[in-house]
Amino acid sequence: MHSGFESPFTRIHLLYHANINAITPEEIQPEINSHGYHLSPQQVKQELDHLTSEGYLTNKGSQYDITLSGKDELRNVQQHLESLYQEVIQIEPPTTEVAGFLGKTE
């Protein structure tokens with residue numbers, strides 16, 4: 001995945017795991033990379049620090065935990081992802097109106 005697309009997915013993934021329980025860069029890096037990302041522990045820490053500076057996480061030592069603002073943002077992202085997933089993956093074929101808009105005809 002191109003790095004321009006990778007960063008938002010990484011941030012969402014980090015918020016998701018921090019919502020389950022507190023995370024450290026060293027512990028979460030293998031999990032993140034198991035999904036096809038290519039991040040070093042330092043890059044993971046940098047992303048966690050960015051999320052902290054934005055108010056989505058707090059950190060105590062090397063532990064990062066989600067804030068109420070982070071929980072709200074994660075819920076918002078999940079709602080948008082659900083809608084995007086339905087459109088992009090298209091479990092159901094598009095309606096005739098949508099197909100026409102997309103330039104697809106039967």
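Every read-out reported here was derived from the displayed coordinates using simple, explicitly stated rules and does not represent laboratory data. Just so you know, these numbers come straight off a predicted model, no measurement behind them. Cβ placement follows ideal geometry from the backbone for every residue including glycine, while neighbour counts extend to all protein chains displayed.
Miscellaneous remarks
- Potential extension, residue 84-residue 27 segment - 0.36 nm per residue separation minus Cα distance: 17.6 nm
- Per-residue Cβ neighbour rank within 10 angstrom, fewest leading, 11, 75: 75, 11
- Along segment 13-30 the Karplus relation, 6.51 cos²θ - 1.76 cosθ + 1.60 evaluated at θ = phi - 60°, assigns HN-Hα couplings of 4, 5, 4, 4, 5, 5, 6, 6, 6, 4, 10, 10, x, 5, 6, 8, 4, x Hz to successive residues, with x for each Gly and Pro.
- Counted by neighbouring Cβ atoms within 10 Å, the residues 88, 77 run from fewest to most as 88, 77.
- Ascending count of other beta-carbon atoms within 10 Å, so fewest first, for 51, 39, 14, 68: 68, 39, 51, 14
- Each Lys or Arg adds one and each Asp or Glu subtracts one; over the other residues with Cβ under 14 Å from the Cβ of residue 68, this totals -2.
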